[in-house]
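In what follows, a single structure is set out as structure tokens and then discussed.
None of the figures in this text is laboratory data; all of them are computed from the coordinates on show. Given the structure is predicted, the values throughout are model-derived calculations rather than measurements. Methodologically, a virtual Cβ is constructed for each residue, glycine included, from the backbone with ideal geometry; neighbour enumeration extends over all protein chains shown.
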Amino acid sequence: MLTNNLVESERLPVIHDVDVVVVGGGPAGVGATVTAAEMGLKTLLIEKYGFCGGSAVAGMSATICGLYLTHKQGQPNFPPKQIVGGFTKRFQEKLRENGGLTEPQLYGNTYLDVHETRVWKKTADELITQSGASILYHSYVVDIIKEETHIKGIVVATDNGMGIIKCKNVIDSSGNGIVAVMAGEDFTCGKDGVVQNPTIIFKLGNIDYNKFWDYYGKDTICHDEFSDKIRQAEKELGATLPRKKIWTFKAINDTELIVNATAINHDTEKLNMIYPEHFTYSEIEARKQLESYAEFFRKYIPGCENAFIGETSCEVGVRQTRSIKCKYTLKDEDVRDCKIFEDGIVKSSWPIELHRGEAPYLYWLEERYYEIPFSAFQPIKTSNLVVAGRCLSAEHAALASARVTAQCFEYGRAAAIGAYLAQKEGVALNEVDGKKVKQLM
């Protein structure tokens, strides 16, 4: 990784001078960018792809998880009860207006919404440009300019060369906490270095809709008979089908399925997508697995006899890499005990959902929710930086609940409110009173 090099950086041209620079255009980054711009801050978003969405789009998770209250096990016909509003609800409603969102789909003891990734991109573009913020697509953060505890600028690389973005405050919504790490912040990775496995998600086309869903049922989590068929296929086909409990979602187009089935692991390495060698291995292995799962659907599952692989995610979906150490670390017991915080910025009833092995572990909160505090986004060493998104400070199991899309939108919104308060009150961003952020949420 590149380190600070102020002498070299000062030779580069200044290409932007802004109040807030947001690094990474996933749900947290979009929420941060729109909110900051609408609060009157000159805002620039830096995104490495040519579109926004992060793992929701590039990883094609295609779901907005975390919107709804979780109900008790075995409770029949419970309706979806939304508990997250704010920017999340605004984006949700805009997606629906643009024709890119399904009705809520049953997921175990709760619900989720499924989106069309193309429409997600369009919706993000519309909201950001209408807010007055600027975007730099196809741009990579390669360094920072830091003096003592303060980031003075971000160094970006593009196909046109490198340049400096001067800024008053930085929101690191990169997912991997890249700015925070460049600034010298400490971090952890999972539990003893073991993080949740990545997944490549894909669409199956040419589905007999009624035949498939009559067999599969209403729950997007597959039933036990389906899992038994995976085990049968693994033996009979000699295929690599490591995950036996999979998720299948209804797409906007009713002849398509969105399949979340693959599980990328390694016999000897603790895979972590911050390492390019691990990322490369995972991409290659994932493409092999999706072919095997598609064959399984065609040969064993009613309604999929003539199915073909349609769209696939442009990269494996990454659930976990770094957690940046902040003033407060969300603890596993905070989630299980449904803790409420004075500076809690958003509710979550999403289960602890740990993806390792052949069946993800699910711990349901059942008609309860917890809050995520703003102090879990305030790094310790850097005065004008906050993180937003899945790189928040959280223990392993806590992150497995707190990392999902609905909450990430609100993390970004809170980060932007923090930047607004920092500039308005003349205080350091990492010293902003989270209770004031909560009041403005």
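Tell me the label-point distance for the pair S227, V194, using the 7 Å Cα-to-Cβ offset, in nm and rounded to one decimal.
Once both label points are built, they end up 1.9 nm from each other.
Please report, in debye to the nearest 20, how large the charge dipole of the chain is about its Cα centre when each Lys and Arg carries +1 at its beta carbon and each Asp and Glu carries -1 there. Before the final figure, lay out the partial values.
Working: 50 positive and 57 negative charges, 102 e Å.
The dipole magnitude comes to about 480 debye.
Just to be sure I understand: of the beta bridges DSSP finds with both ends in the chain, what percent are antiparallel, rounded to 5?
Numbers: 44 of 63 bridges.
That works out to approximately 70 percent antiparallel.
Can you tell me the relative contact order of the chain? Whole percent, Cα pairs under 8 Å, sequence separation 6 or more. All intermediate terms of the calculation are to be shown ahead of the outcome.
Working: 1077 pairs, mean separation 100.1, N = 441.
This gives 23 percent for the chain.
Given points 7 Å out from each Cα along the Cα-Cβ axis, report the K270 to E367 separation in nanometres with one decimal.
4.0
Using a/c under 1.5 as the rounded threshold, could you call the stretch 268-371 rounded, prolate or oblate? The axes a ≥ b ≥ c are square roots of the C-alpha gyration tensor eigenvalues, and prolate needs a/b larger than b/c, oblate otherwise.
Values: a/c = 2.91, a/b = 1.65, b/c = 1.76.
Since a/c reaches 1.5 but b/c is at least a/b, the shape of the stretch 268-371 is classed as oblate.
Between the stretch 32-63 and the stretch 315-379, what's the alpha-carbon centroid distance in Å?
21
Using Cα centres only, tell me the gap between the stretch 293-314 and the stretch 384-441 in whole Å.
Going from one Cα centre to the other spans 40 Å.
Fewest to most neighbouring Cβ within 10 Å: what's the order for C167, C189, C222? The partial results should precede the final answer.
Numbers: C167 25, C189 16, C222 19.
Going from least to most buried by this count: C189, C222, C167.
As an exercise, use a Förster radius of 56 Å and the Cβ-Cβ distance of E236 and E148 to find the FRET efficiency, rounded to the nearest 0.05.
Numbers: r = 64 Å, r/R0 = 1.14.
According to the calculation, E is roughly 0.30.
Cα centroid distance between the stretch 240-262 and the stretch 108-173, in Å?
30
Quick one, could you list the DSSP H helices from the chain stretching 18 Å or more along their long axis (Cα atoms) with average Kyte-Doolittle hydropathy of -1.0 or above?
117-131, 405-425
How much mean residue ellipticity at 222 nm does the chain get from its helices, if each DSSP H run of length 4 or more adds -39500 (n - 2.57) and you divide by all residues, to the nearest 500 deg cm²/dmol? Please report the intermediate quantities before stating the final value.
Working: 12 runs with 135 residues, N = 441.
Rounded to the nearest 500, the figure is -9500 deg cm²/dmol.
Looking at this model, which pairs from K72/K94; K339/K435; K327/K438; K203/K235 are more than 19 angstrom apart at the alpha-carbon?
On the way: K72/K94 31 Å; K339/K435 16 Å; K327/K438 16 Å; K203/K235 24 Å.
From K72/K94; K339/K435; K327/K438; K203/K235, over 19 Å: K72/K94; K203/K235.
Going by C-beta contacts inside 10 Å, put S292, S173, S61 in order with the fewest on the left.
Details: S292 18, S173 34, S61 27.
By the 10 Å Cβ count, ascending: S292, S61, S173.
Can you list residues whose amide H is under 5 Å from C52's amide H, if they're 5+ apart or on another chain and H is modeled 1.01 Å from N?
For C52, no residues qualify.
Starting with the fewest neighbours, write out T149, T262 ranked by other beta-carbon atoms found within 10 Å of each beta-carbon. If you can, show how the numbers build up before the last one.
Details: T149 16, T262 27.
By the 10 Å Cβ count, ascending, the order reads T149, T262.
What fraction, in whole percent, of alpha-carbon pairs in the chain exceed 31 Å separation?
Details: 36623 of 97020 pairs.
When every Cα pair of the chain is considered, 38 percent fall beyond 31 Å.
What distance in nm separates the simple spin-label points at R336 and D125, each placed 7 Å from Cα in the Cβ direction?
4.6
5 Å is the cut-off here: which amide hydrogens, built 1.01 Å from N in the peptide plane, fall below it relative to R368, excluding neighbours closer than 5 in sequence?
Excluding prolines and chain starts, which carry no amide H, the hits are T70.
Farthest toward the dipole's positive end in the stretch 201-312, which of Q232, I309, F296, given Cβ charges of +1 (Lys, Arg) and -1 (Asp, Glu) about the Cα centre?
Q232
Using a Förster distance of 51 Å, how high is the FRET efficiency between R118 and D17, based on the Cβ-Cβ distance and rounded to 0.05? Before the final figure, lay out the partial values.
Working: r = 34 Å, r/R0 = 0.66.
Once the sixth-power term is evaluated, E becomes 0.90.
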